[in-house]
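Accompanying notes for the structure given below.
The values are calculated or read from the model by the stated rules, or taken from the named source; none is laboratory data. Here the structure is a predicted model, which means the values were calculated and not measured. A quick note on method: Cβ atoms are made from the backbone with ideal geometry, for glycine too, and the neighbour counts reach across all protein chains shown. Remember, those area values only see protein heavy atoms, side chains included, never the ligands or the DNA or RNA. Shrake-Rupley method; radii C 1.70, N 1.55, O 1.52, S 1.80 Å.
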Amino acid sequence: MNFKLELFVLPVSDVDRARAFYQKAGFRLDLAKDITGDYRVVHLTPPGSEASIIFGKGLTTAAPGSAQGLYLVVTDIEEARADLFRRGIEVSEVFHDGKGVFFHGHDAGAVVHNSQGQERIAGPHPRACRYGSYATFSDPDSNGWVLQEITQRFPGR
């Protein structure tokens with residue numbers, strides 16, 4: 001039995017502002033529907049993704065901006081960063097972890113490093129490590145996204 005992650009509920013404070021931001025970032029609008037005055041749904045999909053985001057009114061009790069470490073996998077980190085930048089999205093410079101471990105520090109839209117021994121270094125991974133280069137951005141509510149370059153997947157993926 002396969003279990004595919006399909007949809008993530010994103011907590012936002014302003015539905016129209018969030019919709020405009022994600023469409024500006026290139027996400028495809030799949031659905032925008034006002035069900036009742038207290039229930040509104042917007043469903044968008046990142047370019048090339050099989051998984052989507054959904055947000056609106058009456059969908060979640062999570063605090064706006066509390067979603068952190070949402071990963072968007074790309075095959076070319078520099079190209080993906082440049083595309084977002086051209087679209088007017090504030091995105092960090094490309095970086096890698098000097099220790100060569102999985103990057104997992106993102107808090108309220110800001111990249112942080114915890115005590116797990118990470119070392120953020122500017123620029124893409126020098127050996128083009130297939131999971132090793134990153135950039136980050138946040139939506140208007142500070143929900144935090146991480147671009148991760150994956151040039152070749154590990155076997156079984």
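Taking the range 1-42 as the range and being modelled with pLDDT of 95 or more, closer than 18 Å to A62 by Cβ and part of a loop (DSSP other than H, G, I, E, B) as the test, the residues that pass are L10, P11, V12, S13, D14. Considering the range 120-131, and only residues there that are modelled with pLDDT of 65 or more and touching a Gly at 6+ places or on another chain (Cβ under 7 Å), the residue that is surrounded by the most Cβ atoms within 10 Å (Cβ to Cβ) turns out to be H125. Would you be able to say whether some residue in the range 17-40 is hydroxyl-bearing (S, T, Y), open to solvent by 60 Å² or more (accessible area, probe 1.4 Å) and free of Cβ contacts under 8 Å to residues at least 40 places away in the same chain? Yes, that holds for at least one residue. In the range 48-62, of all residues being over 13 Å from V9 (Cβ atoms) and over 12 Å from the mean Cα position of the chain (by Cα), the one that is least open to solvent (accessible area, probe 1.4 Å) corresponds to G48. Of G65, G105, G88, all but one fail to be of a type outside the set (S, T, N, Q) and either modelled with pLDDT under 85 or open to solvent by 70 Å² or more (accessible area, probe 1.4 Å) (or both); the exception is G105.
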